[in-house]
Amino acid sequence: MESYEPYPSLALALLSGLLIGLEREHSKPAAAEKRGFTGGVRTYPLFALLGATTALMMAKHGPLPLFAAALGLTLLLAIGYWRDVEQGHLGLTTEASALLTFFLGALATAHGVIEPLQLRIFVVASITVGATFLLSQKTELREFSARLSRDDVIATVKFLLIAVVILPVLPNQPMGPYGALNPYRIGFMVLLIAGIGFVGYAAMRLFGHGRGLLITGAIGGLVSSTAVTLASAARAKQTPQLASVSALAVVIASTIMFARVLITVAAVEVSLLPRLAIPMGAMGAVGLVAVGVMAFRDRAHRERGATVELTNPFELRKALQFGAFFVFILVASRWATDTFGDTGTYLAGLLAGLTDVDAITLSMSNQVKNGAVELDVATRTIVIAVASNTVVKSVMAVVLGGWGFARRIVEVSAVALVVGLGIAAAL
């Protein structure tokens, strides 16, 4: 392809301008609007070719032609923007897209900036497609932005702060008692759990929790099945005729929890996944069957799903609290294993599951990765933690929602526990 230069680069510039120009053509103002139209399917390819040809001239004449062309285009766009401002139309999207198209054309033919040619084509094409997508999603992005609160934005920034700034600089080596503490891995575990909850919360904010019981229970299960249990129990207590529908939301969320455990394990230590997938898959299968039966019985209420009020799951304080709890479980499980052997590890799983299954799941996965715990022991410990957590949610359902609400939850939980614990004991 290099032997045909500069034709491939010029073709890339032309196609980039054409793609952005097509989007701009379909976004032009209505005839009734008194505002200018910078250009569309013909003008933007010309912007790109202008950048491409002036970049080619740099080989003999230096950067002056490119600088002069960029300055001239900027002046033209500034005049158009000033005219739009006088007419009361604000916004720099058109001007920014025109300048971007110009520089994409220049980048397509600029030798020595991105090499080889195949990589340059990929980079320019990626930027073009990304820019066109942003331009085409004006309405959707504004609607999504309107659904977000300032707290959501701040929480997102905190998440990115830990993921991009803090995590990469943490030491990646064993420290502390029993050599059980690795700051980088601990930070990764905190980020992983926060990320799973954050994705679930973002999906709920995007789709809303009024679109049916299935989405509410499923997304709620990604964030916290315990939160779903608490909210559904309150709804059932307040409105007894919705008890069966609320119970279905809890069963859906709990079934999703089994899948969430497997996803967490797969992200840390995949060798543990085949063993754990058998009992977790069996418990999940029980939940799926129960969901199908309950949904069929309650199909008349399917559009009246329970409402689960969830706050943004990524708060720095909560993330640090989880990190501290994870460190405690990590050290306690290693101490219990050294002191009592496998029995101590199982006890740690039982106690950890009373409040949370994620910390012990990550701890066992991490210790299998380091060779500190065997696969069978880790599998049984995680199943015990899941069982402990399931029992706690059943008790919550009975105490807070009453037997009419909790009966189906207790029945499904009992069958899932018998199946899961029986399989885990046989491994």
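Structure notes:
- Conditions (1) more than 40 Å from the chain's Cα centre (by Cα); (2) aromatic (Phe, Trp, Tyr); (3) at pLDDT 85 or above: number failed by Tyr4: (3)
- Residues in segment 75-113 that are in contact (Cβ under 8 Å) with a residue 24 or more places away in the chain, of a type in the set (A, V, I, L, M, F, W, C) and either in contact with a strand residue (DSSP E or B) (Cβ under 7 Å, 6 or more places away or on another chain) or part of a helix (DSSP H, G or I) (or both): Leu77, Ala98, Leu99, Leu100, Phe102, Phe103, Leu104, Ala106, Leu107, Ala108.
- The single residue among Thr343, Thr339, Thr379 that is assigned to a helix (DSSP H, G or I) and modelled with pLDDT of 75 or more turns out to be Thr379.
- Checked against the criteria, Val373 counts as closer than 24 Å to Gly187 by Cβ, part of a loop (DSSP other than H, G, I, E, B), in the same structural domain as Ile256 (by TED's automatic domain parsing) and at pLDDT 70 or above.
- Some residue of segment 78-90 being polar (S, T, N, Q) and within 25 Å of Ser126 (Cα to Cα): no
- Residue among Ser149, Ser126 that is over 29 Å from Leu46 (Cα atoms) and polar (S, T, N, Q): Ser149
- The single residue among Ala290, Ala277 that is surrounded by fewer than 21 Cβ atoms within 10 Å (Cβ to Cβ), assigned to a helix (DSSP H, G or I) and not aromatic (Phe, Trp, Tyr) turns out to be Ala277.
- For segment 49-74, the set of residues classified as surrounded by fewer than 19 Cβ atoms within 10 Å (Cβ to Cβ), of a type in the set (Gly, Ala, Ser) and touching a residue at least 40 places away in the same chain (Cβ under 8 Å) consists of Ala59 only.
- Residue check for Arg380: closer than 15 Å to Leu276 by Cβ, crowded, with 19+ Cβ neighbours inside 10 Å and among the basic types (Lys, Arg): yes
- For segment 356-369, the condition holds for at least one residue, the condition being that it is surrounded by 15 or more Cβ atoms within 10 Å (Cβ to Cβ), modelled with pLDDT under 80 and out of contact with any Ser or Thr (no Cβ under 9 Å at 6 or more places or on another chain).
- Criterion violated by Leu350 - all others in (1) more than 29 Å from the chain's Cα centre (by Cα); (2) of a type in the set (A, V, I, L, M); (3) at pLDDT 80 or above satisfied: (3)
- Single residue of Ala406, Ala397, Ala414, Ala425 found to be touching a Phe, Trp or Tyr at 6+ places or on another chain (Cβ under 9 Å) and either of a type in the set (D, E, K, R) or more than 16 Å from Ala348 (Cα to Cα) (or both): Ala397
- Of residues in segment 295-308 being touching a Ser or Thr at 6+ places or on another chain (Cβ under 8 Å) and either at pLDDT 85 or above or over 22 Å from Ala416 (Cα atoms) (or both), the one surrounded by the fewest Cβ atoms within 10 Å (Cβ to Cβ): Thr307
- Residues of segment 2-13 that are in a helix (DSSP H, G or I) and surrounded by fewer than 19 Cβ atoms within 10 Å (Cβ to Cβ): Glu2, Ser3, Tyr4, Tyr7, Pro8, Leu10, Ala11.
The values are calculated or read from the model by the stated rules, or taken from the named source; none is laboratory data. Bear in mind that the values here come from a model prediction, so they are computed numbers and not experimental data. Note: ideal-geometry Cβ built from the backbone for every residue, glycine included; neighbour counts use all protein chains shown.
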